[in-house]
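Notes to accompany the following structure.
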Amino acid sequence: MTDFATPPIAPFAIQFDADAARLTPEGPTLVRRMSALEGLFADHQAWEAAVADGDPIVYSVQSSPVPEVNRELPQSITTIEPGTTAGEFWMTKGHQHPDHQGEIYLALHGTGGLLMFDGEETAWLDMTPGTIGYIPPGWAHRSVNVGDDPYKFLAVYPGGAGHDYGWVLEHGMGNRVYSTADGHELRPFTARA
Ligand code: S6P
Ligand code: ZN
């Protein structure tokens, strides 16, 4: 067997239940409430009001037990609740992988979108069940729930890629995603007010 500096984990099977949007065996689950999204919505006062009004869960991320270390390939299922803050659809914080590596998302339930930004250009993919969204190396990524139901997707990503959230706070994501009478609309990024 190859001599790795850090020995990989042993082979094992993961049950993927698409209907229940669950991975078994389960690894850690991360819950992000509104208070964790400070500085991300354009309307700071509306964000503060939502935090004061029960600090709702915006999204949760359930992982398999594959560790986030170099060469391993962890998976997770993210569930974004439906909602808006001053018209801006609920979303993940968004991050850049410090070690620029690609990632794939498979949409499972609901209606979402994958917003990507490479520092100059923005890309948007409509995500409905069955869509695989490909995130190339070097593109920061954020998921947005643009529907009325929870939006759920599976992510598979290189365990050593890391997560840089500060990059998104500093650079934004190029666009913001707003609710409109007939769906959603991307508008140019504005710093928060
Ligand atoms: C990891 C992958 C996802 C996100 C998750 C939450 O590389 O992109 O598992 O971590 O969707 O988003 P965020 O921006 O809070 O990490
Ligand atoms: Zn990622």
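The values are calculated or read from the model by the stated rules, or taken from the named source; none is laboratory data. The shown structure was predicted, so the numbers you read here are calculated from the model rather than taken from an experiment. Backbone-built Cβ (ideal geometry, glycine too); neighbour counts: all protein chains shown.
Could we say that G87 is farther than 21 Å from P137 by Cα, away from ligand 2 (no atom under 16 Å from the Cβ) and out of contact with any Pro (no Cβ under 6 Å at 6 or more places or on another chain) here? First the steps, then the outcome.
Values: farther than 21 Å from P137 by Cα: yes; away from ligand 2 (no atom under 16 Å from the Cβ): yes; out of contact with any Pro (no Cβ under 6 Å at 6 or more places or on another chain): yes.
Considered against the rule, which asks whether it is farther than 21 Å from P137 by Cα, away from ligand 2 (no atom under 16 Å from the Cβ) and out of contact with any Pro (no Cβ under 6 Å at 6 or more places or on another chain), G87 comes out as yes.
Before we move on, is F153 within 15 Å of ligand 1 (Cβ to nearest atom), over 26 Å from L23 (Cα atoms) and modelled with pLDDT of 95 or more?
no
Check S35, S76 and return the single one that is modelled with pLDDT of 95 or more, small (G, A, S), within 16 Å of ligand 2 (Cβ to nearest atom) and outside any loop (DSSP other than H, G, I, E, B).
Going through S35, S76 in turn, the sole match is S76.
From G110, G166, G172, G119, which residue is more than 12 Å from ligand 2 (Cβ to nearest atom) and in contact with a His (Cβ under 8 Å, 6 or more places away or on another chain)?
Criteria check complete, one pass: G119.
If a residue has to be assigned to a strand (DSSP E or B) and under 20 Å from the mean Cα position of the chain (by Cα) to count, how many in segment 5-23 make the cut?
Adding up the residues that qualify gives 4.
Which of the residues spanning segment 67-106 are of a type in the set (D, E) and near ligand 1 (Cβ under 9 Å from one of its atoms)?
E68, E103
Quick check on my filter: what residues within segment 52-66 are more than 13 Å from the chain's Cα centre (by Cα) and under 15 Å from E81 (Cα atoms)?
G54, D55, P56, I57
Keeping to segment 141-193, report how many residues are among the β-branched types (V, I, T) and without any contact (Cβ under 8 Å) to a residue 24 or more places away in the chain.
1
So if I check each of P129, P137, which one is more than 13 Å from ligand 1 (Cβ to nearest atom), part of a loop (DSSP other than H, G, I, E, B) and surrounded by fewer than 19 Cβ atoms within 10 Å (Cβ to Cβ)?
When all the criteria are applied, what remains is P129.
Please list, ordered by first then second residue, the pairs with beta carbon atoms under 9 Å, 6 or more apart or interchain, first in segment 62-76 and over 7 Å from P158 (Cα atoms) and touching a residue at least 40 places away in the same chain (Cβ under 8 Å), second within 13 Å of ligand 2 (Cβ to nearest atom) and aromatic (F, W, Y).
These pairs meet every condition: E68/Y157; Q75/Y157; S76/Y157.
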